[in-house]
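The values are calculated or read from the model by the stated rules, or taken from the named source; none is laboratory data. Everything quoted here is computed from the prediction, not taken from an experiment. Neighbour counts are summed over all protein chains in view; Cβ atoms, including those assigned to glycine, are modelled from backbone coordinates with ideal geometry.
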Amino acid sequence: MKTVPVRLGDRSYDILIGRGLFDRLAPELTARGVGRRVFLVSNPTVFELYGNEIQQALQERGFQVTPLFIPEGERYKNLQTVENIYTYLIAQKADRQSTLLALGGGVTGDVVGFVAATFLRGIRYVQLPTTLLGQVDSSVGGKTGVNHCLGKNLIGVFHQPSLVCIDTDTLQTLSDRDFRSGVYEAVKYGLIYDPSFFELFEEKLSEILSRSSSGGSLLEEVIGRCCQIKAEVTAKDEKEAELRRTLNFGHTLGHAAEAAMNFLELTHGEAIGYGMEAACELSYEADLISSDERDRVRSAIRAIGPRPDVRGIPFERLQEIMKRDKKRLGDRTVFVLLKGIGATVIRDDLSDEMVRRAWENVVNAP
Ligand SMILES: NC(=O)c1ccc[n+]([C@@H]2O[C@H](COP(=O)([O-])OP(=O)(O)OC[C@H]3O[C@@H](n4cnc5c(N)ncnc54)[C@H](O)[C@@H]3O)[C@@H](O)[C@H]2O)c1
Ligand SMILES: [Zn+2]
């Protein structure tokens with residue numbers, strides 16, 4: 001088991017990473033002063049796979065566990081689901097000593113974190129992420145929130161969990177597509193922060209993608225390094241003033257493409273894959289990386305797997321969405337670019353024409 005500390009003063013917490021960790025959850029909760037009363041929030045699919053065992057193991061150790069179900073899918077990441085959870089918690093007489101356990105992917109983690117941040121002005125929660133995206137990204141850092149019908153993640157608050165417990169065995173049941181979606185985000189950390197971590201993907205991608213038991217420790221290493229980087233960045237810049245923005249590498253165009261497809265045809269990671277390629281193209285055009293570096297990044301991203309075709313999205317549509325992005329600065333669209341592999345610069349002075357060229361080069365590439 002690996003432990004990655006997230007250092008945030010009196011809101012510090014650990015990320016535990018390893019195989020079979022859910023079996024050892026009870027003592028880890030107790031060690032962190034989590035009270036007996038816990039609500040295990042999950043969707044029916046994930047509960048069926050892991051919830052029963054967790055409930056049983058916790059009950060055997062004296063916890064009073066109440067399961068609480070939310071519907072599956074991004075379209076339920078909204079205030080209605082939040083309201084339903086409040087109602088249930090009130091009916092079940094949850095109090096300020098109660099703790100919420102978020103078992104599932106990023107959708108579950110974001111909703112449960114938001115409920116925990118706001119219910120009774122804030123209670124504790126623990127992240128039990130079961131998707132690769134959840135494990136390398138969404139469960140760490142304390143961003144919580146839900147979508148509004150006018151836009152994604154528009155309602156939210158920072159609220160750090162008390163513990164993140166990552167049982168890497170859960171990745172075995174994840175669909176190939178959801179697994180690959182997380183791999184794009186994992187590669188991102190190498191590109192923005194750590195060249196040798198990027199090289200690991202160049203050398204061992206097929207082993208990572210195979211998720212075989214021999215690749216088990218490799219997966220643990222990959223997830224551990226992602227969490228370390230996210231923890232470091234979060235500790236230095238919790239509220240996203242500067243450094244934390246670099247985690248948005250690939251997200252300006254990627255997020256726009258995801259939205260243009262109504263969050264249906266592209267997974268988040270696939271969209272970010274396209275966005276990272278385009279940001280890399282822009283970095284090359286801005287003389288920040290060499291053609292050799294650009295080609296390396298491009299082939300590493302493409303090797304992750306097939307992605308839906310996005311040539312049908314008119315560039316004007318992407319522009320429209322980028323102009324509404326909450327991460328904009330005034331009327332300027334912000335891009336995170338690479339300065340060599342492993343370092344970044346933030347730019348808000350790129351011409352529309354330059355961005356269009358980069359996007360078209362990427363989506364029309366053979
Ligand atoms: N808070 C943050 O910092 C942050 C960062 C990145 C993404 N996000 C959010 O995360 C969400 C996406 O997360 P996601 O990709 O995990 O999607 P998700 O939560 O929708 O999970 C994907 C699918 O996998 C299923 N699933 C989960 N674990 C499984 C397992 N072990 N075996 C089989 N099936 C399993 C889920 O039921 C779901 O159908 C988005 O809403 C995004 O906004 C948040
Ligand atoms: Zn992302």
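Of all residues in the range 308-336, which are under 20 Å from the mean Cα position of the chain (by Cα) and at pLDDT 95 or above?
F335, V336
Looking only at the range 305-319, decide whether some residue is crowded, with 19+ Cβ neighbours inside 10 Å and either among the polar types (S, T, N, Q) or under 18 Å from I192 (Cα atoms) (or both).
no
Can you name every one of the strands (runs of 3 or more DSSP E) wholly within the range 87-153 that holds 1 or more residues which are within 16 Å of ligand 2 (Cβ to nearest atom) and touching a Leu at 6+ places or on another chain (Cβ under 9 Å)? Full working, then the answer.
Values: elements: 99-104, 124-129, 143-148.
In the range 87-153, the matching strands (runs of 3 or more DSSP E) lie at 124-129, 143-148.
Could you grab me the full set of residues in the range 154-190 that are assigned to a strand (DSSP E or B) and not small (G, A, S)?
Initial filter on the range 154-190 (assigned to a strand (DSSP E or B)): 154-158, 163-167.
Once the filter is applied, which keeps residues that are assigned to a strand (DSSP E or B) and not small (G, A, S), the range 154-190 yields L154, I155, V157, F158, L163, V164, C165, I166, D167.
Where the second residue is of a type in the set (K, R) and part of a loop (DSSP other than H, G, I, E, B) and the first is farther than 23 Å from N262 by Cβ and lies in the range 289-317, which pairs have Cβ atoms under 9 Å and are six or more apart or on separate chains?
Final answer for the pair search is I289/K339.
Working only within the range 275-321, note down all residues that are part of a loop (DSSP other than H, G, I, E, B) and touching a Ser or Thr at 6+ places or on another chain (Cβ under 8 Å). Spell out how you get there, then give the answer.
Narrowing the range 275-321 to residues part of a loop (DSSP other than H, G, I, E, B): 286-290, 303-314.
I289 - this is the single residue of the range 275-321 that is part of a loop (DSSP other than H, G, I, E, B) and touching a Ser or Thr at 6+ places or on another chain (Cβ under 8 Å).
Go over the candidates E238, E265 one by one and state the one that is farther than 18 Å from V140 by Cα and part of a loop (DSSP other than H, G, I, E, B). Reasoning before the result, please.
Values: E238 fails: farther than 18 Å from V140 by Cα.
After ruling out the rest, the residue left standing is E265.
Quick check on this structure: which one of Q97, Q80 is loosely packed, with under 15 Cβ neighbours inside 10 Å and free of Cβ contacts under 8 Å to residues at least 12 places away in the same chain?
Working: Q97 fails: free of Cβ contacts under 8 Å to residues at least 12 places away in the same chain.
Matching residue, one of Q97, Q80: Q80.
Of the numbered conditions (1) surrounded by 13 or more Cβ atoms within 10 Å (Cβ to Cβ); (2) in a helix (DSSP H, G or I), L350 fails exactly one; give the number of that condition.
(2)
For the range 156-203, how many residues are in contact with a strand residue (DSSP E or B) (Cβ under 8 Å, 6 or more places away or on another chain), β-branched (V, I, T) and away from ligand 1 (no atom under 12 Å from the Cβ)?
The qualifying residues number 1.
Give the residues of the range 36-77 that are more than 16 Å from ligand 1 (Cβ to nearest atom), in contact (Cβ under 8 Å) with a residue 24 or more places away in the chain and outside any loop (DSSP other than H, G, I, E, B), sorted by residue number.
R37, V38, F39, A57, L58, E60, Q64, V65, T66, listed by residue number.
Return a yes/no flag: does the range 211-230 have any residue that is farther than 19 Å from Q160 by Cβ, within 13 Å of the chain's Cα centre (by Cα) and either within 11 Å of ligand 1 (Cβ to nearest atom) or surrounded by fewer than 17 Cβ atoms within 10 Å (Cβ to Cβ) (or both).
Within the range 211-230 (the criterion being farther than 19 Å from Q160 by Cβ, within 13 Å of the chain's Cα centre (by Cα) and either within 11 Å of ligand 1 (Cβ to nearest atom) or surrounded by fewer than 17 Cβ atoms within 10 Å (Cβ to Cβ) (or both)), the answer is no, since none of the residues qualifies.
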